[in-house]
Structures are given as structure tokens and as C-alpha cells.
Amino acid sequence: MTHAFDSARRIGLIVANTLREALRQRVLIVLLLAGVVFVGGARYLRELNFGTPELKFIVDLGFGGIGLFGAVLAITLTAQLFFAEIEGRTVSTLLARPVHRAEFVLGKFVGSAAVVGSYSLLLTVLLAAVVWSRERSLLHDLGAAPSPRPIVEFGWIAAMGWFVALKLLVMAGLTLLIASYARTQLFTTTIGFLVFVACHLLPFARGAAAHTDSRPMRWLAQLMVALPDFQYFTVAASGNAAVWNQVLRVSVYGSSYVAITCGLAAFCFRRREI
């Protein structure tokens, strides 16, 4: 019990230090401002709509921006925070104390995840406010009395926000896994973005491999099986019961990938020369 408490305390100290370092990163401020401007202005981008109902268009566009900017944040911030300790040689001082490498890796992930999760939560709340405001405006323009129930199901928006946040946490875990054995921040960031794209194209790669005689293509599809399918993190708008059942399934799916990637990152970092 005492050992577990000491380990939790050490991880907490690493998390606190990681959060302090994260708040000093310029990329966080830039991406936060970009996300706020994009999501806050989503209602004014109606010219980009090609027939989708306006409120759904705003939701889809907003979450698209949150997912894109959040992925950039998850990849670059995780890589920066990890390699800042390596390049600054502070990790040697830290590990000279009674701090296990697994605790270091877990502390870095929790600190990065807290920033990425807060980013996603903030922009999801902002998007919900934008949708609610536009819904009121549309009802007023139509001369309709405010409905006792909102036109947009905000529980659905909350589920979509959770899915985006969970996807970003998985991406942070994958980036940390890459960083645990990579030698440079540039390599980690580059491979992180390639993995992000591959996770979105996974269903298409599987379909292409199933209809081709190319052996390299089949091998590539087999290698990609280990990656999470980000198309799975999409809410089906088919009733509350179905949505919340899907939330449970995707939560287990995403949490499993987070646990696996963090465990593998800790294993790889244990064998790394510093």
C-alpha cells in the first residue's frame, strides 16, 4: 500500500511538471486560438455547405476542426514534452532518484492527456454554445416559438465530443510509444502524423487489400491491423439507446488502445539507453 502511494505521488509530481511545461509551449496557444476561431466561426461558413442541414453541418464542421487541430496538438505536444526531458538531460537526474521509467512514461502521458482532454472539452463546450445560439436564431427567423426540447440533441454532441477526445488520447498514446524508442523529435512527429492518416484510412486499405493480388499491399494491410480504426469513433445518430451503447463500446475500445500503447511505451523506454 505504501509502495503504491509513493508511486502515485511520484507520478503526480511528473504530471504537475509536465503540465507546467505544456503551458509554456507556444504550439498550445496557437492551436487553442486557431480552434476557438474555427469553431466559433463555424456558423459563418455556411457557404461551404452542400445540402446538409445547417445545424448538422455546423456540428460536423466544428468537430472536424477540433479533431484536426487536436491531433496536431496531441502529436506535437507529446513529442515536445517527452524529448524536452531527453535533450535537456533532466531525465537522467530524475531517474537517478527513486523514479521508475514506467512512472516517468505514465506521468508524461497523463500530463499530455490532461492538456489534450481539456482542449477538446473547451472547444466542445464552445461548439455546443454556437449550435444553441444558431438554433435560437433560426427559430426566431422562422417566427416559431422556442421548442421545449432542443432541435439538436446535445447528448449526441456530448457523445461526439467524448469520441473526439478519446481519439486524441489514443493518438497521444501512439505518439508516446513512437517517442519511447525514436531518437529525435522530428522523427516522432513525422511518424505520428503518418500514423494519424493511416488510422483514418484503415478501412479503405483493408478493402483495397481484399480486392488486389498485390502481395505488398496485402502485407501492408496486415501490418495496419494493429492500428486503431479511427472511423470507429463516429457517433451513429440512431436513437439514444443505440448512441449510449456505442459510447460504451468505443470507450472500451479506445481505453484498451490507450492502456496498450502506454504499456508498450513503458516497456520500450525501459530498454532504451539515455
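Laboratory data are not the source of any read-out in this text; all were calculated from the coordinates shown. Just so it is clear, the model here is predicted, and its values are computed rather than measured. Cβ coordinates were reconstructed from backbone atoms using ideal geometry, including for glycine residues, and neighbour counts include every protein chain displayed.
For the reader, a short list of remarks on this structure follows.
- Modelled label positions at Glu54 and Ile260, each set 7 Å beyond Cα in the direction of Cβ, lie 4.4 nm from each other.
- Residues of the range 177-197 with amide N under 11 Å of the 7 Å Cα→Cβ point at Arg89: none
- For the pair Tyr181 and Asp229, a Förster radius of 22 Å applied to the C-beta separation gives a FRET efficiency near 0.40, rounded to the nearest 0.05.
- Inter-label distance, nm, simple model (7 Å from Cα along the C-beta direction), Tyr44/Arg270: 5.4
- Cβ crowding within 10 Å averaged over residues, with 244-251, 74-81 ranked highest first: 74-81, 244-251
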